[in-house]
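Working notes, beginning with the structure itself.
Rule-based calculations on the coordinates, nothing more; no lab input. Since the model is a prediction, treat every value here as computed from it, not as a measurement. Every residue, glycine among them, receives a Cβ derived from its backbone with ideal geometry; neighbour counts consider all protein chains shown.
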Amino acid sequence: MRGLALAVSLLIGLYLTIYIANMGGYVDRIRKAEIREQVGVQVLGDPTFKQLPASEQRRIIDERVALEEKRLGLDKPFILRSFGYLARAMTLNLGRSEHLTSDSGSRQVRLILLERLPATLTLFATANLLLFFLSLYMGLYLSRKYGSLLDKITIALAPMSAAPGWFYGIILILIFASLLRLLPFGGMVDAPPPKTTLGYALSVAKHMVLPVLAMTLSGLFISVYGRRTFFLIFSSEDHVELGRAKGIPPRALERRYILRPTLPVIITNFALMLIAMWTGAIILETVFNWPGLGRLYYEAVQVFDTPVILGETVIYAYLLALTLFLLDIIYAIVDPRVKVGAGAGAAA
Amino acid sequence: MSNDILLKVEDLRLYFRTTKGVLRAVDGVSFELARDRAMVIVGESGCGKTSLARAILRLLPRNVHTYSGQVHLDGTEVMALNEEQFRRQVRWVKMSFVPQAAMNALNPVVRVGDQVAEPLLIHNHVKSKKEAMGRVEEALRLVGVPLDFMTRYAFELSGGMRQRVIIAMALVTSPVLVILDEPTSALDVLTQANIMNSLKRIRKELALTYILITHDIATSSELANESMVMYAGQVAERSHAGGFYKTPFHPYSKMLMASVPTLREDKELAFIPGKPPSLINPPEGCRFAPRCPERFSKCDQDPPAVTMEDGRVVKCWLYTGKAR
């Protein structure tokens with residue numbers, strides 16, 4: 001049941017993406033116009049056709065346009081083609097891009113994506129894991145020190161998260177790259193790239209400092225604040241109170257009476273955070289000139305490269321559906337109140 | 001009164017910070033309790049009964065304003081201990097607690113048997129897990145919980161069974177004092193009677209000292225040796241149970257007793273007009289005066305705690321001339 005529901009929502013989500021990425025078929029018209037223009041320039045610029053009468057030239061242009069449209073499948077109505085996209089997307093047949101190429105020159109969407117993946121994962125795994133565990137431990141710590149100066153400072157700083165990471169990115173670039181000249185403006189490695197592995201890693205690390213810092217500045221305080229409040233609410237539950245009355249040491253109380261019962265929530269956050277890395281961050285990667293999936297998305301949108309947009313989306317959708325499915329199973333393992341079984345569905 | 005005093009509370013105060021001001025939940029409470037006795041604390045909702053229990057147990061919320069006074073327990077001044085000493089020497093070693101909200105008081109993700117065993121293992125009462133489980137079985141048998149419940153989780157148990165498990169947990173380390181905060185108020189009448197009977201039987205078998213907090217005066221009379229009536233954060237009357245249930249002194253106690261239904265007598269149930277004063281900026285003088293049928297001019301000043309000839313204490317101007 002749960003699997004089916006996920007599959008249906010996956011299908012709907014993907015179709016919407018296809019529809020939106022093509023602007024409801026409008027992209028087809030743009031591309032048809034582009035083809036006509038290109039073919040026109042080609043034919044009219046070709047000396048062999050120069051002598052032909054205008055009507056003959058027009059016939060040749062029409063012929064070639066029709067051929068090109070047929071090659072790209074543009075002769076069929078958009079609705080039909082949209083289902084073709086959907087079928088290919090669902091079977092993970094990512095196909096070929098329309099404009100973009102990988103650095104190695106390939107038009108395979110799979111190769112284009114694979115080329116960008118390490119860059120995005122390196123940056124976002126570092127930033128997100130740092131953010132996740134930092135906010136977990138700081139939240140726990142602050143819930144213990146409720147009302148302390150540090151607690152008040154964190155609450156006061158929480159509105160900093162109203163600004164996105166790239167906003168702090170620009171400011172950080174101004175300070176550390178432009179003014180102090182300590183760190184690079186952007187990119188992933190020095191040019192030319194260092195020869196040794198260690199040198200390469202160090203260079204990447206140096207380039208990562210500012211984007212990671214920008215994301216941390218933007219995300220940390222609100223997540224610490226959220227976690228702290230979450231733990232505060234849970235630590236006044238009746239069973240925690242009784243645990244305290246029983247004389248359970250504070251650390252064990254936190255582990256067994258606060259973290260254990262809230263584990264499903266924490267695991268969910270962690271899993272969603274993990275798959276969110278896949279999409280990268282469009283503006284942040286653009287600001288830092290980071291060659292990741294987020295920037296690829298931006299580039300693909302600019303040139304209406306539907307297969308690339310779709311490729312990124314479909315993989316994210318599959319990851320999301322798979323994660324949600326796995327989470328259901330994990331819940332049943334970590335929380336005895338959840339039982340997976342025939343007809344149980346998502347019993348809570 | 002016995003000389004073997006187990007618990008002596010002196011001028012205990014617990015004030016909370018609220019947005020409207022300081023709330024005086026427990027305002028200078030003093031009492032003594034001898035070993036092997038059961039004391040019942042009664043009073044209306046919001047009179048500070050539960051706060052008193054929490055003050056003795058040091059289970060404080062985050063918005064504490066004042067927490068002062070002395071609590072001597074079994075020869076130790078526990079208020080002088082720091083949190084870690086208190087945890088090691090007092091919590092569940094000397095006194096245990098059965099809370100009001102038994103439905104949610106068990107950890108939802110730990111098996112019931114393990115939870116009952118937890119205090120034994122923490123406080124090193126046993127050498128092995130196996131020995132602990134033996135003690136758990138003993139305790140569960142005592143309160144009437146089937147032993148196969150040990151491997152279950154709290155959500156698989158009924159309210160009554162959960163309450164029994166918590167009582168078993170409170171007994172498993174053999175503490176000298178058990179504080180029960182309305183242990184049966186969330187349960188149906190049959191289960192209430194069942195648990196009350198178990199409590200009575202266990203007390204006889206183990207020679208325990210109880211503090212039972214309740215607003216169910218009728219049921220509590222079954223168990224009590226001593227009674228204490230609280231009103232607006234203060235002690236209105238303190239008495240041995242016989243005297244209190246037959247001839248209460250304080251006008252509030254009298255009216256409280258008159259409101260209890262009895263089966264055979266054909267009496268009109270009385271109620272107390274008005275409502276208890278706010279514990280934020282309570283009125284000067286006697287706190288019951290605005291609702292008291294016997295009030296007179298002196299009631300504008302705070303009444304002293306008058307000790308009567310049979311050791312009973314009543315905080316009322318009516319008795320100042322009759323002190324021993």
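What lysines could a cross-link reach from A:LYS206, if we take a straight Cα to Cα line under 26 Å and drop same-chain neighbours fewer than 8 places away?
Within reach: A:LYS195.
For chain A, set up a GNM with springs between Cα atoms under 10 Å and report which of A:ILE330, A:ILE155, A:ILE35 has the largest fluctuation.
A:ILE35
In debye to the nearest 20, how big a dipole does the protein assembly as shown give about its Cα centre with +1 on each Lys and Arg Cβ and -1 on each Asp and Glu Cβ?
About 500 debye.
From the alpha carbon gyration tensor of the protein assembly as shown, can you work out the equivalent ellipsoid semi-axes (sqrt of 5 times each eigenvalue) and give them in Å, largest to smallest?
Semi-axes (√(5λ), whole Å): 74, 27, 25.
Mind checking the dipole of region A:109-334: about its Cα centre, +1 per Lys or Arg Cβ, -1 per Asp or Glu Cβ, Debye to the nearest 20?
Rounded to the nearest 20 debye, it is 800 debye.
Quick one: what do you get for region A:2-90 if you divide its Cα Rg by 2.2 N^0.38 Å?
1.54
Could you give me D for chain B, from Stokes-Einstein at 4 °C and 1.567 mPa s, where the hydrodynamic radius is the Kirkwood radius over C-alpha pairs? Units µm² s⁻¹, please.
Rounded, D is 62 µm²/s.
How high is the relative contact order of region A:2-90, in percent, with contacts defined as C-alpha pairs under 8 Å that are six or more residues apart?
41 percent
Could you give the length gained on full extension between A:ILE153 and A:LYS50, defined as 0.36 nm per residue of separation minus the Cα-Cα distance, in nm?
Length gained between A:ILE153 and A:LYS50: 29.5 nm.
Take the Cα radius of gyration of region B:1-158 and divide it by 2.2 N^0.38 Å, with N its residue count; two decimals is plenty.
Compactness ratio reported: 1.20.
Mean separation of Cα pairs under 8 Å and 6+ residues apart, divided by the residue count of region B:186-324: what relative contact order is that in percent?
18 percent
For a protection proxy built on the mean count of beta-carbon atoms within 10 angstrom, sort B:23-30, A:142-149 highest first, please.
The packing order, highest mean first, is B:23-30, A:142-149.
Quickly estimate the mean residue ellipticity at 222 nm for chain B, helices only: each DSSP H run with n ≥ 4 gives -39500 (n - 2.57), and the total goes over all residues, rounded to 500.
The helix-only estimate for chain B comes to -8500 deg cm²/dmol at 222 nm.
Which of the pairs B:LYS275/B:LYS298; A:LYS145/B:LYS8; B:LYS94/B:LYS127 have their Cα atoms more than 25 Å apart in this structure?
A:LYS145/B:LYS8, as the Cα separations exceed 25 Å there.
If one takes the longest principal axis of the Cα atoms in chain A, at what angle in degrees, from 0 to 90 and to the nearest 10, does the Cα axis of helix A:54-72 lie?
The angle comes out near 30 degrees.
Distance from the Cα centre of region B:108-176 to that of region B:270-324, in angstrom?
Going from one Cα centre to the other spans 44 Å.
Any chance you could give the angle, 0 to 90 degrees and rounded to 10, that helix B:129-143 forms with the longest Cα principal axis of chain B?
So the helix axis and the longest Cα principal axis differ by about 50 degrees.
I'd like to know how chain A sits against the 2.2 N^0.38 Å rule of thumb: what's its Cα Rg over that expected value?
1.30
List the relative contact order of chain A as a percent without decimals, with contacts defined as Cα pairs under 8 Å and 6+ residues apart.
That works out to 25 percent.
Can you grab the distance from the C-alpha centre of region B:17-61 to the C-alpha centre of region B:216-255, Å, no decimals?
One Cα centre to the other: 15 Å.
Roughly how tilted is helix B:159-171, in degrees to the nearest 10 and between 0 and 90, from the longest Cα axis of chain B?
The angle comes out near 90 degrees.
Find how much the distance from A:ARG59 to A:ASP190 grows on full extension, using 0.36 nm per residue of separation minus their present alpha carbon separation; answer in nm with one decimal.
Extending this stretch completely gives an extra 41.9 nm.
Hey, in the GNM for chain B with a 10 angstrom Cα cutoff, which one of B:VAL313, B:VAL42, B:VAL145 fluctuates hardest?
Sorting by GNM fluctuation, first place goes to B:VAL145.
Inside 10 Å of the C-beta atoms of A:244-256, what's the mean count of C-beta atoms belonging to other chains?
6
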